[in-house]
1. To make sure I understand the rule: partners must be lysines, Cα under 19 Å from the Cα of Lys338, and not fewer than 8 residues away in the same chain. Which ones qualify?
2. Relative to the Cα centre, what is the charge dipole magnitude of the range 221-305, using +1 at the beta carbon of each Lys and Arg, -1 at the beta carbon of each Asp and Glu, and rounding to the nearest 20 debye?
3. According to the square roots a ≥ b ≥ c of the eigenvalues of the Cα gyration tensor, what is the shape class of the range 139-224, taking rounded for a/c under 1.5, prolate for a/b larger than b/c otherwise, and oblate for the remainder?
4. Hey, if you drop one equal point scatterer on each alpha-carbon of the range 210-355 and run the Debye formula without solvent, what base-10 log of I(q)/I(0) do you get at q = 0.10, 0.16 Å⁻¹?
5. Leaving out same-chain residues fewer than 8 places away, which lysines sit with a Cα under 20 Å from that of Lys297?
6. Based on the Kirkwood radius over alpha-carbon pairs, what value in µm²/s does the Stokes-Einstein equation return for the translational diffusion coefficient of the range 284-423 at 37 °C and 0.692 mPa s?
7. Place the peptides 114-125, 394-405 in order of packing, highest mean first, counting for every residue the other Cβ atoms within 10 Å and averaging per peptide.
8. Name the shape class, rounded, prolate or oblate, that the alpha-carbon gyration tensor gives for the range 192-278, where a ≥ b ≥ c are the square roots of its eigenvalues, rounded holds for a/c under 1.5, and otherwise prolate holds if a/b is larger than b/c and oblate otherwise.
Amino acid sequence: MSETLIRTHGELVRSRRPGHGMPGELFGRQDVFEKDVEIFFHKHWILVGVTADVPEPGDVSAVDIGSASILIVRDDDENIRTYRNICRHRGARLKEAGKSTVGMLVCRYHQWTYGLDGSLRHATHMGKDFDAACRSLIPVHTRIVGTHIFICLDDNPPKDIARLEEVMAPRFAPYDLQYTKIAHEAEIIENGNWKLVIENNRECYHCAGTHPELTASFLPEDFGFCPDNLSEESQRALDAYHARNAACQESWGREGFVGDAVECLDEGVATQFRTQRLVIAGNGESQTLNTKVASTKLFGNLQRRDLGDTHLWTHNSWTHVMSDHAVISYIIPLAPDKTLVRTKWLVHADAVEGIDYRLSDLTEVWVATNAQDADLVAITHRGTQDPGYIPGQFSPFTETYVEQFSRWYASRLNAHGICAALP
Ligand code: 3BY
Ligand code: FES
Ligand code: FE
């Protein structure tokens, strides 16, 4: 009689050889998926939107995160508030996922009506002793950093979000990212596990072979290079890269544009992030095909086009902020093999399409890159679900952040009671 041994989530994580990929069950199993959502999307800080999602008072953006859902609301004082998307009467969802504009938030079921400040304003049939003051919408822990809206659904959110704020707020400040508009947004449902989406995003080993549009403006050296057998030509390119990088960092620094790399990725941190101001190749201005700005109306009061690419990674997002536009992507897991990737292209709030920018120039690099990455994630998910899959070895040069993500994943499971980290 054959006996099937079902390994626990923790055993699967512990079975990963250091420097190697995760076992396929960590990508494919429903129970692992559900635990991942609970820990990495309901107990950690995650990116769920940008301030331009709700530009005017009364604007609402409802975002589903697994079984949870939140409302991002612009109130009458133009502040952003976030609530659980749950009616305080008998629990009906107030809004379907997506954007809308309201005067008040009215539940469809028995018409309990909430102000934009979350207070319950009307509820009929409840009698004179009913205390509406205790029935406000449930607020959600929220931090706005630049334009990024981070939330945490846990009652005790990790405190180390403070470090991300401290590092990123001054980097974003010169761009005045709250005075922006969404020029374009796109959603892709990728046919792969969320961890494969993030692993793919943590390395540029694949860039030269798969991202012709991105590599026009990208310098893969920023993601590590392989020192083995460098040809004379590669060595010259690398030296030129170092020289250009040093010159740019110095000139940005003189004007107060912070650019050094900050990494808060280690096992000890709950809110992992990495940032750096990267040099743009070619004409040096923006992540476009011709490496010049796509929007001639620069963010804020910026005078310089060549401010590089301020890059931010978190465990559910990646961001590129250039002088003229920003591209912000975040992920929400939908199923073991389905991950929603939402991308928003921001420009100055006063930029006018057709005058200051052409939408195709603005979006073509990341529309193409996201589609290419979706394909890579899908083929990898399928391969890892093949019974013949054996996890392979990471490059010690260009996949160090994939290894790092795998270790952080184990340590966070461990921190939440899943014995996953190696001693
Ligand atoms: O640029 C990014 O966000 C990721 C990292 C390297 C490749 N890639 C598309
Ligand atoms: Fe919302 Fe009854 S459930 S009003
Ligand atoms: Fe990629």
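Readers should treat all values here as calculations from the given coordinates under stated rules, not as data from a laboratory. Owing to the predicted nature of the structure, the values given are computational and were not obtained by experimental measurement. FYI the Cβ positions are ideal-geometry reconstructions off the backbone, even for glycines, and counts take in every protein chain you see.
1. List returned: Lys35, Lys195.
2. Numbers: 9 positive and 13 negative charges, 146 e Å.
Computed charge dipole of the range 221-305: roughly 700 debye.
3. Values: a/c = 1.78, a/b = 1.47, b/c = 1.21.
Since a/c reaches 1.5 and a/b is larger than b/c, the shape of the range 139-224 is classed as prolate.
4. Reported log10 I(q)/I(0), two decimals: -0.42, -1.01.
5. By straight Cα distance, Lys297 reaches Lys181, Lys344.
6. The diffusion coefficient I find is 184 µm²/s.
7. On the way: 114-125: 16.2, 394-405: 18.5.
Listed from highest to lowest mean packing, they are 394-405, 114-125.
8. On the way: a/c = 1.88, a/b = 1.12, b/c = 1.69.
Oblate, because a/c is 1.5 or more while a/b does not exceed b/c.
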